[in-house]
1. Restricting the search to region 53-102, which residues are under 25 Å from ALA30 (Cβ atoms) and either of a type in the set (Phe, Trp, Tyr) or not assigned by TED's automatic domain parsing to the domain that holds CYS142 (or both)?
2. If GLU53 satisfies all but one of (1) surrounded by 14 or more Cβ atoms within 10 Å (Cβ to Cβ); (2) modelled with pLDDT of 90 or more; (3) in a loop (DSSP other than H, G, I, E, B); (4) touching a strand residue (DSSP E or B) at 6+ places or on another chain (Cβ under 6 Å), what's the number of the condition it fails?
3. Out of the helices (runs of 4 or more DSSP H) lying entirely within region 68-169, which hold 1 or more residues that are modelled with pLDDT of 90 or more, surrounded by 15 or more Cβ atoms within 10 Å (Cβ to Cβ) and of a type in the set (Val, Ile, Thr)?
4. Select from region 1-36 the residues that are touching a residue at least 24 places away in the same chain (Cβ under 8 Å), under 23 Å from CYS139 (Cα atoms) and touching a helix residue (DSSP H, G or I) at 6+ places or on another chain (Cβ under 8 Å) and list them in ascending order.
5. I'd like the full set of residues that are more than 19 Å from VAL43 (Cβ to Cβ) and either aliphatic (A, V, I, L, M) or outside any loop (DSSP other than H, G, I, E, B) (or both), limited to region 7-28.
6. Return yes or no: is GLU26 over 30 Å from ASN112 (Cα atoms), charged (D, E, K, R) and surrounded by 12 or more Cβ atoms within 10 Å (Cβ to Cβ)?
7. For THR64, indicate whether it is in contact with a helix residue (DSSP H, G or I) (Cβ under 9 Å, 6 or more places away or on another chain), under 22 Å from PRO135 (Cα atoms) and β-branched (Val, Ile, Thr).
Amino acid sequence: MAQGWESLRKDGIHDPRGPAVKDKQEPAEALSKLTPDTAGNMVRWVQALEKGEINPRASIRPGTKIQVYDSDVLLNVQGGMPIVRFPHRQHTEWLDCSNCHDHLFKAQAGANKLSMLAILEGEQCGVCHGAVSFPLTECFRCHSVPRPGQSLNTVPKTLPGGSIPPRSR
């Protein structure tokens with residue numbers, strides 16, 4: 001297993017006897033050329049995008065005009081964890097706005113009630129995070145803005161239930 005990527009024949013998802021397995025690119029072959037990560041599928045996707053290692057389509061519809069929105073939104077401003085910085089630019093370079101608005105999120109400040117439970121259940125941000133993007137166990141990739149008097153080194157060492165939040169690099 002190269003860099004943590006299982007072969008398609010051994011990943012438990014693809015049928016190793018299926019005729020298409022031999023025609024598909026192995027994850028190690030495809031992903032090893034991209035900026036490495038220490039979690040999830042072992043790729044830093046935003047950095048790979050910024051470095052030009054990948055050039056994803058924002059829509060499957062030909063002629064879709066991409067609108068890059070270069071503004072960060074701060075979320076979770078009332079909680080105890082560090083504040084969430086949602087970087088619109090990185091998301092809109094990757095995805096058309098219609099991927100999220102208005103069925104996952106209303107495009108209006110303060111109109112969305114976010115819930116870690118919903119996210120962990122695959123809703124809201126969890127539609128992608130935990131599935132195709134970095135995993136939800138990487139708390140401090142989203143909770144990245146310390147509150148006044150707080151640093152990322154002084155946030156709680158455990159989450160509810162005693163689990164230890166990982167530190168991103």
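The values are calculated or read from the model by the stated rules, or taken from the named source; none is laboratory data. Please read all numbers here as calculations on a predicted model, not as lab measurements. Quick reminder, even Gly has a Cβ in these numbers, built from the backbone with ideal geometry, and neighbours come from all protein chains shown.
1. The one that is under 25 Å from ALA30 (Cβ atoms) and either of a type in the set (Phe, Trp, Tyr) or not assigned by TED's automatic domain parsing to the domain that holds CYS142 (or both): TRP94.
2. (4)
3. Output list reads 116-120.
4. Passing the criteria: GLN3, TRP5.
5. Matches in region 7-28: ALA20, VAL21, LYS22, ASP23.
6. Working: over 30 Å from ASN112 (Cα atoms): yes; charged (D, E, K, R): yes; surrounded by 12 or more Cβ atoms within 10 Å (Cβ to Cβ): yes.
In short, yes.
7. Spelling it out, it is not the case that THR64 is in contact with a helix residue (DSSP H, G or I) (Cβ under 9 Å, 6 or more places away or on another chain), under 22 Å from PRO135 (Cα atoms) and β-branched (Val, Ile, Thr).
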